[in-house]
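Each remark here refers to the structure printed beneath this line.
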Amino acid sequence: METIRQPVGNLSCALPASLAPGERILVACSGGSDSVALALALHGAGRRIVLAHVQHHLRGRAAEADARFVARLASRLAVPFARADVDAKALARATGQSPEMAAREARYAALVSLARRRRIRAVAFAHHRRDQAETVLLAIARGAGPRAIGAMSFARRDEASGLLFLRPLLDTPKEEILRFLAERHQPYRTDRTNLDGSSLRSRVRTRVLPLLAGTLNPRIEEALCRVAEIARADDEALAFFARTSPEEFPALLRRRALAALPPRATFRAAESVLPMFGKNGPDLPNIGKSTRRARKPFCQCSAKTAEICRTSANSSGGTRIWLLPRLPSAGDFRPATGFERTAEALYVSAEAVKGKRLSFRRPRPGDRLELGGAAGTKKISDILVNEKIPRALRAQTLLLAADGIVAALAGFRVAPAFRVPSPGAPSLVLRRPE
């Protein structure tokens, strides 16, 4: 599901492009830091929200104080407040589940009920990068398959209820959430049971992840989230192959080309399919003359980085377009000095982007890039047409935005304000993997 990002301060909410700006969103708000930040961010982005709180009656007076806190927050933001009460202990006794699992299922059911009563079609949850990493690690520990290891996504349609479940902060570090709240002097509630090690997830959060970060990989959360992306890609590719018999592959590829596959599945599908045809391979008319030239690096690209190295020939014969099923993040930039004149790396001025929120995304209709001087700005679509990029590939090009402003079109141009001013100036570089 295609998403767009709405920056609010140092946070960025990823929401489905199909979700109309005036559409109401039921925000699940416990009163903790994550859900309070999500409510403030969506409200600050101009979205119509309804704050929903589910009282599980597991923590006595503290739980009731949480509910009152969320009600006061809704009043301060001048948004509607909805409350549901569930008896998680009674449900746990009746089902044999743990109180935490019973509370989770009851919470989802209550939120679905609240949304239906108010005729709201989207429910937002405040899961963030650490939550995603914990979910992946727990799935791996159970010996789960790619669908479970793929964990959560920014948006999905819940099959049972038909509602749209949103997780706008899914790739946001916990530290950024806390900084967002601190800058606004916004208080929040703290559930001590999340840190006491009484549940399996809290033990992963307080013991396992810190151990892995200290002894194995300091960026373990990011690594586990990449595992989820790759697992989802594999699952989508498996689903594609399950629907398609081997005899259909050549005709299917001729008719629709690889761009017709789910975006994150393209790499896996191509890696499996193209070698079946030998060195000649099927004809991909949408990619045109660059097909034969591009096939080898496309098949050999690294699964570790989940990068697609398929490229398109531009008018000068070079390879310029970056087709990436996994969008990079600001953390993928590396410090450098100066710049190289190459389409294989994106250089920006470290000073120009200092303090700005950097994000990568696909082009949107009307996107323009500053060219400088009398040239003014130019539509991204016009730049790609002039570079003779096939129509089927233009929507997959990579833009860098700084505080929402288009700063660069990877492989092609950097806006003057973000160019590295001299060979000795500090810069940031993002290289396209071989």
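The values are calculated or read from the model by the stated rules, or taken from the named source; none is laboratory data. All figures in this text were calculated on a predicted structure; none of them were measured in a lab. Cβ atoms come from the backbone with ideal geometry, glycine included; neighbour counts cover every protein chain shown.
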Worksheet item: How about region 350-434: which strands (runs of 3 or more DSSP E) wholly inside it have at least 2 residues that are surrounded by fewer than 15 Cβ atoms within 10 Å (Cβ to Cβ)?
Response: 377-379
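Residue by residue, here is whether (1) in contact with a strand residue (DSSP E or B) (Cβ under 9 Å, 6 or more places away or on another chain); (2) in contact (Cβ under 8 Å) with a residue 40 or more places away in the chain; (3) closer than 23 Å to residue 1 by Cβ; (4) basic (Lys, Arg) holds:
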| site | (1), (2), (3), (4) |
| --- | --- |
| 360 | yes, yes, yes, no |
| 364 | yes, yes, yes, yes |
| 369 | yes, yes, no, no |
| 375 | no, no, no, no |
| 380 | yes, no, yes, no |
| 389 | no, yes, no, no |
| 403 | yes, yes, no, no |
Worksheet item: What about residue 99, is it touching a helix residue (DSSP H, G or I) at 6+ places or on another chain (Cβ under 6 Å), assigned by TED's automatic domain parsing to the domain that holds residue 183 and of a type outside the set (D, E, K, R)?
Response: yes
Fill in: region 42-71 - residue that is among the basic types (Lys, Arg) and not in a helix (DSSP H, G or I) and, of those, farthest from the chain's Cα centre (by Cα)
59
Practice prompt. Could you identify the single residue in 74, 82, 110, 106 that is modelled with pLDDT of 85 or more and in a strand (DSSP E or B)?
Written response: 82
Practice prompt. Determine whether region 132-149 contains at least one residue that is of a type in the set (D, E, K, R), within 27 Å of residue 230 (Cβ to Cβ), within 21 Å of the chain's Cα centre (by Cα) and not assigned by TED's automatic domain parsing to the domain that holds residue 232.
Written response: yes
Item to complete: Looking only at region 1-29, count how many residues are at pLDDT 95 or above and either of a type in the set (Gly, Ala, Ser) or assigned to a strand (DSSP E or B) (or both).
Response: 5
